[in-house]
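Engineer: Can you keep this structure in mind? I'll have questions shortly.
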Amino acid sequence: MGSVVPIRKATPRVELVGASGEWVVRIIETDQEITRSFGLESFALSFAEGQRIRLHLDQVVRL
């Protein structure tokens, strides 16, 4: 599942967090926040890296 939340003037970044056997990727762009959940870390990391490249960021932030 995923969700899109409108936000104002945020600094773009991609975050990855693991909790309770689930991996969550949060993509923060200048005007919205998108959250995606994954059952496997490798899938979450792959998705996060793709988003990092798309947004021209240097790193994925692990929380």
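Engineer: What residue among Thr30, Leu16, Leu45 has its Cα farthest toward the positive end of the dipole of the stretch 2-62, where the charges are +1 on Lys, Arg and -1 on Asp, Glu, each on the Cβ?
Structural biologist: Value: Thr30.
Engineer: Also: Given Cβ point charges of +1 (Lys, Arg) and -1 (Asp, Glu) and nothing else, what value in debye, to the nearest 20, does the dipole of the chain about its Cα centre take? The partial results should precede the final answer.
Structural biologist: Details: 8 positive and 8 negative charges, 31 e Å.
Here the size comes out at about 160 debye.
Engineer: Mind giving me the nanometre distance, one decimal, between the label points for Glu49 and Ala10, set 7 Å out from Cα along Cα→Cβ?
Structural biologist: Result for the modelled spin labels: 2.4 nm.
Engineer: Follow-up question, since we're still on this one. For the chain, which trypsin sites (Lys or Arg not before Pro) are both in a DSSP coil and crowded by at most 14 other Cβ atoms within 10 Å? Present the calculation step by step, with values, prior to reporting the outcome.
Structural biologist: On the way: sites: Arg8, Lys9, Arg13, Arg26, Arg36, Arg52, Arg54, Arg62; in loops: Arg8, Lys9.
Here the sparse-neighbourhood loop sites are Arg8, Lys9.
Engineer: In Å, the Kirkwood hydrodynamic radius of the chain over pairs of distinct alpha carbons? List each step's numbers first, then the result.
Structural biologist: Numbers: mean 1/r = 0.0862 Å⁻¹.
This gives a value of 11.6 Å.
Engineer: Using the number of other C-beta atoms within 10 angstrom as an exposure proxy, rank Ile53, Ile34, Ile27 with the fewest first.
Structural biologist: So the ranking, lowest neighbour count to highest, is Ile53, Ile34, Ile27.
Throughout, read-outs are computed from the coordinates displayed, never taken from laboratory work. Since the structure is predicted, the reported quantities are computational estimates derived from the model, not experimental observations. Methodologically, a virtual Cβ is constructed for each residue, glycine included, from the backbone with ideal geometry; neighbour enumeration extends over all protein chains shown.
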